[in-house]
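**Q** Here it is: the structure, laid out below.
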Amino acid sequence: MSGAEKLLAIYLNDHLAGATVGRELARRVANTWSEQHGEQLRRIAEEIAEDRTSLVTIMRRLGVRLDPLKPALGWLGEKVGRLKLNGRLFTRSPLSPVLELEAMRLGVEGKAAGWRTLRSRAEHDNRLSTAELDGLIARAAKQIDTLERLRVESASALM
């Protein structure tokens, strides 16, 4: 394996760990919201899970070995991240929705950056589909727009 291929494997496995965190966070957040926004968040959570599956498929197509440790650490990190000091011991803080939506948006921004990196590689790597990556990039942009709108609404209701 060339140096560039090793770097690609590290990069994609790091994104897989992030995708694992994002999937777990999105599922949890979607289940804590009211019906008003819960449906939008459940749809985004489903899409984030699908995007993670797309990443695994792309990694396999590129011959990248999936590192089982990184996603496991990502999964664990998301669980530990729930134990933050939020001014409450046993209940959610009123700030929790805002912070969770910010974290989700940051994760989707990172995912979109990964898709754009692969999209540029697709110009010279026929194992990658520019159309597939363009679709993933567009979907991430829609997710970012929805998450930002919900974040602003949540923050405005508090402050």
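**Q** Return the residue satisfying two criteria in turn: it lies in segment 53-71 and is at pLDDT below 95 and part of a helix (DSSP H, G or I), and of such residues it is surrounded by the most Cβ atoms within 10 Å (Cβ to Cβ).
**A** Restricting to residues being at pLDDT below 95 and part of a helix (DSSP H, G or I), the top hit is PRO71.
**Q** State whether the residues of segment 141-155 include one that is of a type in the set (S, T, N, Q), on the phi < 0 side of the Ramachandran plot and open to solvent by 50 Å² or more (accessible area, probe 1.4 Å). Steps first, answer last, please.
**A** Of all residues in segment 141-155, those of a type in the set (S, T, N, Q) come to 143, 146, 154.
Next, only the ones that are on the phi < 0 side of the Ramachandran plot stay: 143, 146, 154.
Then drop every residue that is not open to solvent by 50 Å² or more (accessible area, probe 1.4 Å), which leaves none.
No.
**Q** In segment 1-35, how many residues are farther than 17 Å from GLY63 by Cα and either of a type in the set (A, V, I, L, M, F, W, C) or in a helix (DSSP H, G or I) (or both)?
**A** From segment 1-35, those farther than 17 Å from GLY63 by Cα are 17-35; that's our starting set.
Pick out the ones that are also either of a type in the set (A, V, I, L, M, F, W, C) or in a helix (DSSP H, G or I) (or both) and you get 17-33, 35.
Summing the residues that are farther than 17 Å from GLY63 by Cα and either of a type in the set (A, V, I, L, M, F, W, C) or in a helix (DSSP H, G or I) (or both) in segment 1-35 gives 18.
Listed here are the residues, each with its yes/no results for (1) of a type in the set (Ser, Thr, Tyr); (2) touching a helix residue (DSSP H, G or I) at 6+ places or on another chain (Cβ under 6 Å); (3) at pLDDT 85 or above; (4) within 17 Å of GLY18 (Cβ to Cβ).
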| position | (1), (2), (3), (4) |
| --- | --- |
| LEU83 | no, no, no, no |
| GLY87 | no, no, no, no |
| THR117 | yes, no, yes, yes |
| ARG127 | no, yes, yes, no |
| ALA141 | no, no, yes, no |
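**Q** Shifting gears a bit: Mind telling me which of the residues GLY74, GLY38 ends up being over 20 Å from LYS142 (Cα atoms), assigned to a helix (DSSP H, G or I) and at pLDDT below 90? Break it down into steps so the answer makes sense when it comes.
**A** Details: GLY38 fails: over 20 Å from LYS142 (Cα atoms).
One residue alone meets the criteria, GLY74.
**Q** Same structure, new question: If you go through segment 123-159, how many residues are farther than 23 Å from ALA49 by Cα, among the hydrophobic types (A, V, I, L, M, F, W, C), assigned to a helix (DSSP H, G or I) and free of Cβ contacts under 8 Å to residues at least 12 places away in the same chain? Break it down stepwise before answering.
**A** To start, the set of residues in segment 123-159 that are farther than 23 Å from ALA49 by Cα comprises 123-126, 152-159.
Those left that are additionally among the hydrophobic types (A, V, I, L, M, F, W, C): 152, 155, 157-159.
Adding the requirement that they be assigned to a helix (DSSP H, G or I) leaves 152, 155, 157-158.
Then keep just the ones that are free of Cβ contacts under 8 Å to residues at least 12 places away in the same chain; that gives 152, 157.
Residues meeting the conditions: 2.
The values are calculated or read from the model by the stated rules, or taken from the named source; none is laboratory data. The structure displayed is predicted, hence computed values, not measured ones. Positions of Cβ are backbone-derived with ideal geometry, glycine not excepted, and every protein chain shown enters the neighbour counts. Note: accessible area is taken over every heavy atom of the protein model, side chains too, but ligands, DNA and RNA are not part of it. Shrake-Rupley method; radii C 1.70, N 1.55, O 1.52, S 1.80 Å.
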